[in-house]
1. Does residue 69 satisfy the condition of being in a strand (DSSP E or B) and surrounded by fewer than 20 Cβ atoms within 10 Å (Cβ to Cβ)?
2. For region 127-155, which residues satisfy the criterion of being part of a helix (DSSP H, G or I) and either without any contact (Cβ under 8 Å) to a residue 24 or more places away in the chain or farther than 19 Å from residue 70 by Cβ (or both)?
3. Could you grab the pairs with beta carbons closer than 9 Å, sequence gap of 6+ or different chains, first residue in region 86-98 and farther than 7 Å from residue 147 by Cα, second one of a type in the set (A, V, I, L, M) and in a loop (DSSP other than H, G, I, E, B)?
4. Failed condition for residue 58, given (1) at pLDDT 90 or above; (2) part of a helix (DSSP H, G or I), with all others met?
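The values are calculated or read from the model by the stated rules, or taken from the named source; none is laboratory data. Everything numeric in this text was worked out from a predicted model, so none of it was measured. Note that each Cβ is placed from the backbone with ideal geometry, even for glycine, and that neighbours are counted across all protein chains shown.
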Amino acid sequence: MMLKCLIKIVSPVILMAGLLGCSHGKQVFKSDCNDDYSPVYKRVPFTELVKNLKKYDGQYVKVTGKYIEAPEQSALFNDSLFADRSAEHAIWINFNPDCPLYLEGTRTGLFQYNNGQFTQINDKHVTIKGRVDAHDTGHLNQYKGAIERISYIKL
């Protein structure tokens, strides 16, 4: 009888611990390229940033969206199912070799060939920290603006 009671108590605890331990899918890549500026990153919803990009020009932001890459494309889109996914409602993501991003706690680079493949970020929900440039409208000037000096990306 006591064993059954103990199993009823311990089983949920083990299950919860197992579920909490399953966050291995999240990867965080960081760069120290903005450390000299000690920026304060303002969390901005994607729609707010796109709608008022000039207001955030030169500011450091943290924004979440869906990253899409293709030839001549590196952009963050609204990840809502009902959002306009055209380039004029997207933000150009300007990755730069001056801001190398490394997997947190390692020297494994985001764009580095590792374990037989590159880190896949295309078509992923990501959170990015960087500086807004309302004047850089990306490839063929088709984007709303850009985020540069990327110092953080969470996949």
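1. So residue 69 fits the description; yes.
2. Result: 141, single match.
3. Partner pairs satisfying both residue conditions: 89/83; 95/101; 95/110.
4. (2)
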